[in-house]
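Structure, as structure tokens:
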Amino acid sequence: MSRLRSLHVCLGTIMAGSALLAQVDPGPRGGPANAGSFYPTLNSTEQGIFKEALSRFQEVDSVSGNIAGESGSGLGPTFNGNSCAMCHAQPTIGGSSPGLMSPQNPVPNPQVAMATLDHATNTVPSFITKTGPVREARFISTSPTNPNAALDGGVHGLFTIQGRTDAVGCTLAQPNFTQALAQHNVIFRIPTPLFGLGLVEGTPDSVLQANLTATQSQRSALGIGGRFNNSGNDGTITRFGWKAQNKSLMVFAGEAYNVEQGVSNEVFPNERSAAAGCVFNTTPEDGTNVSTPSSGDPSVVSSDVINFALFMRLSAPATPAAAAPTASQTNGAAEFAKIGCTICHTPALTTGTSPFTGMSNATYHPYSDFALHHMGSNLADGIEQGAAGPDEFRTAPLWGLGQRLFFLHDGRTSDLLQAIAAHSTPGFDCVTLQTFQLFQVAGQTFQPASLSFTCGSEANQVINAFNALSSSSKQDVLNFLRSL
């Protein structure tokens, strides 16, 4: 019995030692938010514009702007939230999804209370929880029982204005999310951080293209592809959104205002889900304030959408931890580069000429190449946006990651280790995309066709290299990422 007891003690000691050596995500970094202000070199006029734009970004919308505390108008008929700042809140206004795990501002998912605000009669979908991320929902197929059916891909608003005190007569029902979930036909997206995006918008296409070209040999050796999404109008690189589907911050803001809050605007002027009895305003609901006397501040006269774009355009990037890097973080940065992560998560890019003070030829650190990459079936969402296919995503920028709560496009995890692991997909999981057209123009016959075939995730070899690191080196990488 004495020897058995000793064996238990030894085994317990070994297991405790192993636990100490195991790598653990340090979690969201505490302390003040390292983001949320204007770009530091802006002049006083530009700073004033930023502050007005920030105020507009926090505006709370109701249907017609007649409810106390909800002075903005245009909400619905379908919506996911009633304010930009409601969703972009962590670690401060302009960030990503808020949550109870926040060291800066722990709050439950505001979408839960949103369901019945102002006597609305919505039911909270099962994928929206107090402890989970703010989400939007998209349906994959128009007919999920038919594999040959056309893709849907569109956002289906979580809530409707039915029952609200400012929407009397509207009887628009919520989408049937229970059925969509049962049919495995719904995917999710969470808010992307907005800090420093003026630098991204101000980066010339040539810089992005040169950056991708510079890594060609490294990418080929590791089975990494990479291509840009492009505007169908002018052919230039698009770079905003999870699949880089939006060309500019103006388009990005206009789409979000219309899709997430239901507010028609000068960029997206048509009302979504315009059911009879549920439209209460003229369109577009947000526009230039032509009746407002000029105050010398262009943001006062400008529409909400212009102000939202200005807020993003003039904001400073999130900054890394203020203290000098620890030895672990320094080694983690070196390992991050050594195993190939920086091939896609580019540490530094440089802007072109900017109209804003101090933002010309500025080097910034997004940790993204802003290119599309095949990520395999673990991350595939079945959604096509622009040239981006069902398993392609823009390299997610990592700046500010240290204070984020939820990871990946759908917020499926709060653990960096799980997020890293999800980048890998078995090689036998393949995606084939084929297009074929036949038409005549000006007496000529055209028959364009394309075929692409991809197996697994482009990140597979990099993730294998990460998995091969020692536990201490893996921990160093995690510590480095949480320092950003």
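All of the numbers you see were taken from the coordinates with simple rules; none came from a lab. Everything quoted here is computed from the prediction, not taken from an experiment. Neighbour counts run over all protein chains shown; Cβ positions are idealised from the backbone, glycine included.
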Original post:
Cα extents of the stretch 39-197 along the three principal axes, largest first, in whole Å?
Top reply: 58, 35, 30
**OP:** Under 11 Å from a label point 7 Å along Cα→Cβ of L181: give me every residue in the stretch 109-153 with its amide N that close.
**Re:** 124-129
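Assign one of three labels to the stretch 302-442, namely rounded, prolate or oblate, based on the Cα gyration tensor with a ≥ b ≥ c the square roots of its eigenvalues; rounded applies when a/c is under 1.5, prolate when it is not and a/b is larger than b/c, and oblate otherwise.
Oblate, since a/c reaches 1.5 and b/c is not below a/b.
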Original post:
What is the set of long-range amide H partners of F38 at a cut-off below 5 Å, with H atoms built 1.01 Å from backbone N?
Top reply: A316
Original post:
Can you give the Rg to Rh ratio of the stretch 422-484, both from alpha-carbon atoms, with Rh computed by the Kirkwood formula?
Top reply: 1.38
Subject >> In sequence order, calculated HN-Hα J values of the stretch 372-377 (Karplus, 6.51, -1.76, 1.60; Hz; x Gly/Pro) >> reply: 8, 9, 6, 10, x, 6
Original post:
If contacts are Cα pairs under 8 angstrom and at least 6 residues apart, what is the relative contact order of the stretch 347-484 in percent?
Top reply: 22
Original post:
What is the calculated FRET efficiency for T123 to S291, with r their C-beta to C-beta distance and R₀ = 35 Å, to the nearest 0.05?
Top reply: 0.30
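Rounded, prolate or oblate: which fits the stretch 190-241 when a ≥ b ≥ c are the square roots of the eigenvalues of the alpha-carbon gyration tensor, with rounded for a/c under 1.5 and prolate only if a/b beats b/c?
Values: a/c = 1.84, a/b = 1.51, b/c = 1.22.
Because a/c hits 1.5 or more and a/b exceeds b/c, the stretch 190-241 counts as prolate.
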Original post:
Can you give the helix-only mean residue ellipticity at 222 nm for the chain, where every DSSP H stretch with n ≥ 4 adds -39500 (n - 2.57) and the sum goes over all residues, rounded to the nearest 500 deg cm²/dmol?
Top reply: -8000 deg cm²/dmol
Original post:
Relative to the Cα centre, what is the charge dipole magnitude of the chain, using +1 at the beta carbon of each Lys and Arg, -1 at the beta carbon of each Asp and Glu, and rounding to the nearest 20 debye?
Top reply: 1460
Subject >> Three-way shape call for the stretch 321-400 based on the alpha-carbon gyration tensor, with the a/c threshold at 1.5 >> reply: oblate
Original post:
Of P28, I161, P298, which is farthest along the charge dipole of the chain in the positive direction, counting Lys and Arg as +1 and Asp and Glu as -1 at C-beta?
Top reply: P28
Original post:
Computed from these coordinates, which is volume of the Cα convex hull per residue in Å³: [x] 192; [y] 209; [z] 183?
Top reply: [y]
